[in-house]
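Here is the structure we will look at.
The values are calculated or read from the model by the stated rules, or taken from the named source; none is laboratory data. Only a predicted model underlies this, so the values are computations on that prediction, with no experimental measurement involved. Positions of Cβ are backbone-derived with ideal geometry, glycine not excepted, and every protein chain shown enters the neighbour counts. Areas reflect the complete protein model, heavy atoms only, side chains present, ligands, DNA and RNA absent. Shrake-Rupley method; radii C 1.70, N 1.55, O 1.52, S 1.80 Å.
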Amino acid sequence: MAAMMQPQIILLKEGTDTSQGKAQLVSNINACTAVADVVRSTLGPRGMDKLIHDDKGTVTISNDGATIMKLLDIVHPAAKILVDIAKSQDSEVGDGTTTVVLLAAEFLREAKPFIEDGVHPQNLIRSFRNASYKAIQKIKELAKSIEGQSLEEKKRLLSKCAATTLSSKLIGGEKEFFASMVVDAVGAIGDGDRLNMIGIKKVPGGTMRDSFLVNGVAFKKTFSYAGFEQQPKKFLNPKILLLNIELELKSEKENAEIRLSDPSQYQSIVDAEWNIIYEKLDKCVQSGAKVVLSRLAIGDLATQYFADRDIFCAGRVAEEDLLRVAAATGGTVQTSVNNVVDEVLGTCEHFEERQVGNERFNIFSGCPSGRTATIVLRGGADQFIEEAERSLHDAIMIVRRATKNSTVVAGGGAIDMEISKYLRQESRAIAGKSQFFINSYAKALEVIPRQLCDNAGFDATDVLNKLRQKHALPTGEGAPYGVDINTGGIADSFANFVWEPAVVKINAINAATEAACLILSVDETVKNPKSESAQGEAAASAMGGRGRGRGRGMRRR
């Protein structure tokens, strides 16, 4: 009785919301499953797209997992972890963002019955980590290397990887066309890791087939002054001068003070201003450059001056474009026109200004240093071109990764089924509860082929049974078999060139397992309303204070 009479201890501030225990864990799992259900239908070549409309009126149509997760304004704290793993998969590998979210949610869905039955989460976490380690080791065993192939063969293999990535995108109908373009673009930047050296320019109009790759730099014609049309628009092997200075006639600052004793001296001051700009322009001409680009303005005087001497100039060139021109042509950006030597000038085989759709583009091709490329994208609607750009980013990342980590695995759910079978066999040799947990982890991996079937409108149960039977063959010949999207049956993914880099799958399984274990390890959520209420009160008092102040300050007349 005495124990019951003890006063309650208040530990947290009044209004703090706490929820803990099994119910909290199940609630977190349900939230993550709900997030996965949003992107579930976007997986695979027959996946659907999402149209996201924000409060600013911007419309985005995409089926890229990371883009959708970024644009969804998710407020649930546990579900935000899935957004983070989608972002990390996108920045690390570029593809597999939907896969990683689906896997994490499926691991949690499989763990839910055990949690409800009273299993301690730490037991599940230990088993899941163990299963993840075994799965990754198996992927490394099954992966095939494309190292040691001839250059042509390697290009063909890389374009197959890019085509697999693009098949699930909006531009999947032209995947072969874009896959070879992406491989050429990645090949152009060589071993450098700077993917910003591949520029993507978007020009509305035309068809997707009108898109083209410039083995060099292309950028939109910049702001131009009078006299621009008199300049030549085409050069062969020109010298290129890159500047970071203004070539404009500048008036003196308004606070400058000059005292003159003789009115005739005023003319000498005006002449000095003109002499300064002419001296700069003369030095540009003497350098022998036929193309002058500057990050800052090139005024109408300079434009006309260069036009009279058959020199092409462009001012206000975007910094990234200027740096890409420097990397491609071997030039160096100058901050002064004094002492411009041949070593700092760039060159290219061919320069021209070309009309592309409604825009005019300055195109530098046949650059000696290479190390950069530009893809000019065409298409109907702006949203369509935006999505095409996101799709190409994924393909570029995949080709880049496949070049560095040259091992590939069978796609189309084949590798997932094989690991699932392997983990089921491994779990039988483990005594205790862990056998159930690893078995459920193996079952969760089947979500990828199942979802591929669902999204294509096939009978998932039928296809999965065929896959299980094929992968269970003792000879191991069924390992590369995955879902055949075209017929609704199963097919050898390797033979059909449905490949993906092993690093995509390894990263996805690692990230998904980490996220699932992190969510399973949380048993209490504490929501402190202090900061929210403080902000609300501050805003209310500011509004009230302004209103009252005005009322009192008004005088009656």
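Take the conditions β-branched (Val, Ile, Thr) and part of a loop (DSSP other than H, G, I, E, B) and apply them to residue 522. Does it pass? Taking the combined requirement at face value, the residue satisfies it. So which residues in region 371-395 are within 17 Å of the chain's Cα centre (by Cα), open to solvent by 10 Å² or more (accessible area, probe 1.4 Å) and at pLDDT 80 or above? Once the filter is applied, which keeps residues that are within 17 Å of the chain's Cα centre (by Cα), open to solvent by 10 Å² or more (accessible area, probe 1.4 Å) and at pLDDT 80 or above, region 371-395 yields 384, 386, 389, 390, 393.
From the residues in region 443-475 that are of a type outside the set (D, E, K, R) and not in a helix (DSSP H, G or I), which one is most open to solvent (accessible area, probe 1.4 Å)?
Among residues in region 443-475 that are of a type outside the set (D, E, K, R) and not in a helix (DSSP H, G or I), the one most open to solvent (accessible area, probe 1.4 Å) is 474.
Going residue by residue through region 116-123, is there one that turns out to be in contact with a helix residue (DSSP H, G or I) (Cβ under 6 Å, 6 or more places away or on another chain) and open to solvent by less than 20 Å² (accessible area, probe 1.4 Å)? Within region 116-123, none of the residues are in contact with a helix residue (DSSP H, G or I) (Cβ under 6 Å, 6 or more places away or on another chain) and open to solvent by less than 20 Å² (accessible area, probe 1.4 Å).
Take residue 193 and tell me if it is open to solvent by 20 Å² or more (accessible area, probe 1.4 Å), modelled with pLDDT under 75 and either closer than 15 Å to residue 392 by Cβ or not assigned by the TED database to the domain that holds residue 96 (or both). Can you show your working first?
Details: open to solvent by 20 Å² or more (accessible area, probe 1.4 Å): yes; modelled with pLDDT under 75: yes; either closer than 15 Å to residue 392 by Cβ or not assigned by the TED database to the domain that holds residue 96 (or both): yes.
Criteria met by residue 193.
Restricting attention to region 483-518, the residues being within 18 Å of residue 450 (Cα to Cα) and modelled with pLDDT of 85 or more number 5.
Residue pairs whose Cβ atoms lie under 6 Å apart, separated by 6 or more positions or on different chains, with the first residue in region 79-108 and more than 14 Å from residue 35 (Cβ to Cβ) and the second part of a helix (DSSP H, G or I) and of a type in the set (Asp, Glu), are 94/394; 95/394.
Does residue 421 satisfy the criteria of being touching a residue at least 60 places away in the same chain (Cβ under 8 Å) and open to solvent by 10 Å² or more (accessible area, probe 1.4 Å)?
Working: touching a residue at least 60 places away in the same chain (Cβ under 8 Å): no; open to solvent by 10 Å² or more (accessible area, probe 1.4 Å): yes.
In short, no.
Condition check for residue 328 on (1) open to solvent by less than 50 Å² (accessible area, probe 1.4 Å); (2) over 31 Å from the mean Cα position of the chain (by Cα): one failure, at (2). Selection over region 334-352 of residues that are closer than 17 Å to residue 368 by Cβ, out of contact with any Cys (no Cβ under 8 Å at 6 or more places or on another chain) and part of a loop (DSSP other than H, G, I, E, B) gives a count of 1.
Results for (1) buried (at least 23 other Cβ atoms within 10 Å of the Cβ); (2) in a helix (DSSP H, G or I); (3) over 17 Å from the mean Cα position of the chain (by Cα), shown as yes or no for each residue.
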{"residue": "108", "(1), (2), (3)": "yes, yes, yes"}
{"residue": "127", "(1), (2), (3)": "yes, yes, yes"}
{"residue": "131", "(1), (2), (3)": "yes, yes, yes"}
{"residue": "138", "(1), (2), (3)": "no, yes, yes"}
{"residue": "168", "(1), (2), (3)": "yes, no, no"}
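Of the residues examined, residue 354 is one that is open to solvent by 10 Å² or more (accessible area, probe 1.4 Å) and free of Cβ contacts under 8 Å to residues at least 24 places away in the same chain.
So which of 104, 31 ends up being out of contact with any helix residue (DSSP H, G or I) (no Cβ under 7 Å at 6 or more places or on another chain), buried (at least 19 other Cβ atoms within 10 Å of the Cβ) and at pLDDT 85 or above?
Working: 104 fails: out of contact with any helix residue (DSSP H, G or I) (no Cβ under 7 Å at 6 or more places or on another chain).
Unique residue meeting the criteria: 31.
Any idea how many residues of region 280-316 are of a type in the set (Lys, Arg) and part of a loop (DSSP other than H, G, I, E, B)? Reasoning before the result, please.
Filtering region 280-316 down to residues of a type in the set (Lys, Arg) leaves 280, 283, 290, 295, 309, 316.
Next, only the ones that are part of a loop (DSSP other than H, G, I, E, B) stay: 290, 295, 309, 316.
Residues in region 280-316 being of a type in the set (Lys, Arg) and part of a loop (DSSP other than H, G, I, E, B): 4 in total.
I'm trying to understand the selection: among the residues of region 476-511, which are of a type in the set (A, V, I, L, M), in a loop (DSSP other than H, G, I, E, B) and farther than 23 Å from residue 159 by Cβ? Residue satisfying the conditions is 479 alone.
Considering the conditions (1) under 17 Å from residue 386 (Cβ atoms); (2) modelled with pLDDT of 80 or more, residue 183 is excluded by exactly one of them, (1). In this structure, residue 440 does not satisfy being polar (S, T, N, Q), buried (at least 24 other Cβ atoms within 10 Å of the Cβ) and touching a residue at least 24 places away in the same chain (Cβ under 8 Å).
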